[in-house]
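Comments concern the structure below.
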Amino acid sequence: GKQTKRARKFAATGGVKARLEKGTVTNKGKLKRKRKGEGSAQNKRILRNHDQEEQARKREESDFMGETNVGDMDIERFFEAFADKMEKEDFSDDEPEENTDGSSKEGSDDNDDEGAANQNEDKGSNDDSSESDSGSDDSGSDGDEDVNVAAGKMRRQMEKLQRSDPEFHKFLAENENSLLEFGEDEDREEMISDIRDEQEGDGESAYTNVDAKFLKKLEQGAFKSHGIKSLKKLVAVYKTACHLSDANKSSDERDSQNKSRSKKYLIDSSDVFDKLMVMCLIKCHDEFHYHLIGEGTRREDDDAAANSDSEVRDDEPIMSKVLARSRRWNDIKPVFQSFMKSTLNLLAEAKEPELLTFILKALSKYVRFLTPFPRIAEQLLKVLVTLWSAPLDSSEDYQVVRLNAFIRIRQLALTQPFPFIETCLKKTYLAYANRSKFATSASVTSLLPTLTFMGNCVVELYSLDYHSSYQHAFVYIRQLALHLRSAIQKKTPEALLAVYCWQYIHCLKLWVAVITASCKKEHDNDVGRGDDVKLLRSLIFPLTEIIFGVARLVPTTRHLPLRLHCVRFLQQLAAAAESFIPTTSILLDVLDAKELGMKPKKVQGRAGSRGLQLSLILKLPKESPLRTHEQLEACVSEVFLLLNREVELYRYSAGFPEFTVAICQRLRKFSKETKNPRWRAYSKGCIDLCERYSVFVMKERALLGEAPKDIRRLEVLKPMNEPNMFSRHDASVSNEKRLEEVTRPTTTKKVQREQENTKEEKKSKKPAKKKQTVNKADLANTGALEQDDEVAEGINWSDEEQSESSDEDSD
């Protein structure tokens, strides 16, 4: 048959006779093997001769054309010398082992050849090819292996030559450059696609135009053929689209960001951009599911689990071990990382609410794959919290963005490993606290709905894991207590402003809502959650003490609205926990104010026309607080509303008659002292309510078979069909809101037209006034123009003083 390349080379170098003379073949025709760690005598001689030649060459470096220098050789002699050297090294690798006495080691071919192959395999030798060459007919593959080995050795020799003799290497590069490029053609054929990408990475040719045809081709290969290579290219194009805003950056920043990119894409059409975004955000999660936990990752023997992961909820986590066991994990991992980082960049750069809403909704399918990527999950949480707690924009479009951002935060808290939920709790509360300090009395009307929504979101997060919620709630409630203690001890304006501000009140309101929500679920049938709920219930007492301390910190008439806020918080806690938290002392103290017996002042202003809403302020105006008719009516009405609610909460308590004794006595005295008929009606109505409930309680508790000291339940006298304390409290609050909406002043179309006409008349009269002569009386009244502007130059607009200054301006 036709001889192989190895056989022809063997015959050209002398055949068996030459090998016998060299000592590389035994008399029986077998190759000598060398043991691991031991060199043959021939190799030692070659190394010794090579060292001698190197020493001689160094001595004769000055004589470049000497006989011992390769510079005296022509090209043919040069190649012959290197070919002989390569053949010697090639056959020396196949030499048999020798004993210390120089005799060859002969034995069975099976055992010796197998052991030698296993030893030389770790070194990356070519013994396997030599063994298979003796007993196989695959001559073509053996020839290719020999060429590859020779090419590798030739490259190593050229590298060594470059280090030892750079001048001669430069000579070869100028005259025989093909010698230095020996064996690179085969590597280029094997890695043709990667080299083309590197060559296209420089110059204008690096940009590939992305059109509809190119995008359709990628879609076909990625989503229909399930090709990973097409998916990688599609994600690379998506990455380019997400970083289009980087074009506005400086060239140095773009170069530093594009160093790792081997290929760039150019997107000129907006239709192609939109189609690319929609396609990637909507369809890529199907491919990630297919290759990681779907049909693309299971083997042929996994028929039983074919549809086990087909129906996976977005809120159910995927363990990182499950993803790591996938056969395609190493290929999909960098693709998914690139996709998520690009999406995060797009979220950070996008400004339009519609685009943000679309991206946030699409991310619901990708969040559960983030378990092996904690850093990406933290970056995503940071972006989501920023969107959720963005500057308080009350527009309807951005409210949708805020809602979807919170849904993704909740999904992250449910799907990521345990410590991640604590990060969510911490970041959301701090974001809420930072935003609540901007809700001053001047802007609370427009920003209160947004803050209420954010507070409800935080309450929802703190109801996911009550054990972690207790730890965070304990720390932050203690922080509020430290602020209160500092204000009580120092009594400086700065310390008082740290407590008497909207930020502190909103934080108190939030923790009251968190504990209230946990008390609702205390009697649920969820096994394992009852103990954690009881942990949050234990925070009722310290929170109650803090609220009482805030209410009694500055017992002045001006801070009456703040004390009424605290009463609302205490009643909400008492109703949720079904505990006795009396607030009648704070409410009855208001009736002792001297301003109630004084004649009210008549003040012309906006407060007289539209009334005073105590729920939107923390303190009354600095000048003459509680002296106007509107302020008196609002405060007294609020006091009797909360007093009636207090009576309604404890109506089924066994000690209700004794509880209402002090209330009835004080109200009878107040009805005698006051001259306002409406206030006397309020007092009489509350007294009648207390007496009616007292008669019912005295009749029912006479039928009880247990002593008062043995009663453990607060509403021991409540009938079975009556609502509990919390339900009655919610019904009272809802009725109050309904009455506020009904009694809210509304402007009819006629009133609006009249207001517009008056504005137009004023505008038309302004030019006429300029033509009139200036009167001295008018000059004397010019100081009235500066009354509305109470802001002085050089005022310190710090976070602590912002609430007080804004309250004064609004009032």
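For the stretch 382-418, filtered to residues that are of a type in the set (D, E, K, R) and within 20 Å of His472 (Cα to Cα), the residue that is surrounded by the fewest Cβ atoms within 10 Å (Cβ to Cβ) is Lys382. Scanning the stretch 447-462 for residues that are open to solvent by less than 10 Å² (accessible area, probe 1.4 Å) and closer than 21 Å to Phe541 by Cβ gives a single hit, Tyr462. Among the residues making up the stretch 325-340, those that are surrounded by fewer than 18 Cβ atoms within 10 Å (Cβ to Cβ), part of a helix (DSSP H, G or I) and touching a helix residue (DSSP H, G or I) at 6+ places or on another chain (Cβ under 9 Å) are Trp329, Asp331, Lys333, Pro334, Gln337, Ser338. What do you reckon, is Arg712 closer than 23 Å to His729 by Cβ, of a type in the set (Lys, Arg) and surrounded by 15 or more Cβ atoms within 10 Å (Cβ to Cβ)? Considered against the rule, which asks whether it is closer than 23 Å to His729 by Cβ, of a type in the set (Lys, Arg) and surrounded by 15 or more Cβ atoms within 10 Å (Cβ to Cβ), Arg712 comes out as no.
Selection of first residues in the stretch 695-709 that are of a type in the set (Lys, Arg) and of second residues that are open to solvent by less than 70 Å² (accessible area, probe 1.4 Å), restricted to Cβ pairs under 6 Å at least 6 apart or on distinct chains, gives the following pairs, ordered by first then second residue: Arg701/Ala654. When you scan the stretch 489-499, do you find a residue that is open to solvent by less than 40 Å² (accessible area, probe 1.4 Å), touching a Leu at 6+ places or on another chain (Cβ under 7 Å) and of a type outside the set (S, T, N, Q), even just one? Among the residues of the stretch 489-499, at least one is open to solvent by less than 40 Å² (accessible area, probe 1.4 Å), touching a Leu at 6+ places or on another chain (Cβ under 7 Å) and of a type outside the set (S, T, N, Q), which makes the answer yes. Contact map, the stretch 318-345: residues that are of a type in the set (D, E, K, R) paired with residues that are part of a helix (DSSP H, G or I), Cβ distance under 6 Å, separation 6+ or inter-chain. Pairs shown: Arg328/His291; Asp331/Ile228.
Inside the stretch 419-429, residues that are open to solvent by 60 Å² or more (accessible area, probe 1.4 Å) and in contact (Cβ under 8 Å) with a residue 24 or more places away in the chain make up a count of 2. Would you list the helices (runs of 4 or more DSSP H) that sit entirely within the stretch 651-704 and hold 2 or more residues that are in contact with a Lys or Arg (Cβ under 7 Å, 6 or more places away or on another chain)? In the stretch 651-704, the matching helices (runs of 4 or more DSSP H) lie at 677-701. Return a yes/no flag: does the stretch 162-183 have any residue that is polar (S, T, N, Q), modelled with pLDDT of 75 or more, over 35 Å from the mean Cα position of the chain (by Cα) and not in a loop (DSSP other than H, G, I, E, B). Yes - at least one qualifying residue is present in the stretch 162-183. One residue stands out in the stretch 223-247 among those that are touching an Asp or Glu at 6+ places or on another chain (Cβ under 6 Å) and within 18 Å of Glu287 (Cβ to Cβ): the one that is least open to solvent (accessible area, probe 1.4 Å), namely Leu231. Scanning for something over 53 Å from the mean Cα position of the chain (by Cα) and in contact (Cβ under 8 Å) with a residue 40 or more places away in the chain, does the stretch 714-722 turn up at least one residue? No, the stretch 714-722 contains no residue that is over 53 Å from the mean Cα position of the chain (by Cα) and in contact (Cβ under 8 Å) with a residue 40 or more places away in the chain. For the stretch 599-641, filtered to residues that are outside any strand (DSSP E or B) and among the hydroxyl-bearing types (Ser, Thr, Tyr), the residue that is modelled with the highest pLDDT is Ser637. Those residues that are within 22 Å of Gln665 (Cα to Cα), in a helix (DSSP H, G or I) and open to solvent by less than 10 Å² (accessible area, probe 1.4 Å), I need them from the stretch 572-588; list them, please. Scanning the stretch 572-588 gives a single hit, Leu587.
The values are calculated or read from the model by the stated rules, or taken from the named source; none is laboratory data. On a predicted model such as this, the values are computed, not experimentally measured, just so you know. Neighbour counts run over all protein chains shown; Cβ positions are idealised from the backbone, glycine included. Please note that ligands, DNA and RNA were not included when accessible areas were found on the heavy atoms of the full protein model with its side chains. Shrake-Rupley method; radii C 1.70, N 1.55, O 1.52, S 1.80 Å.
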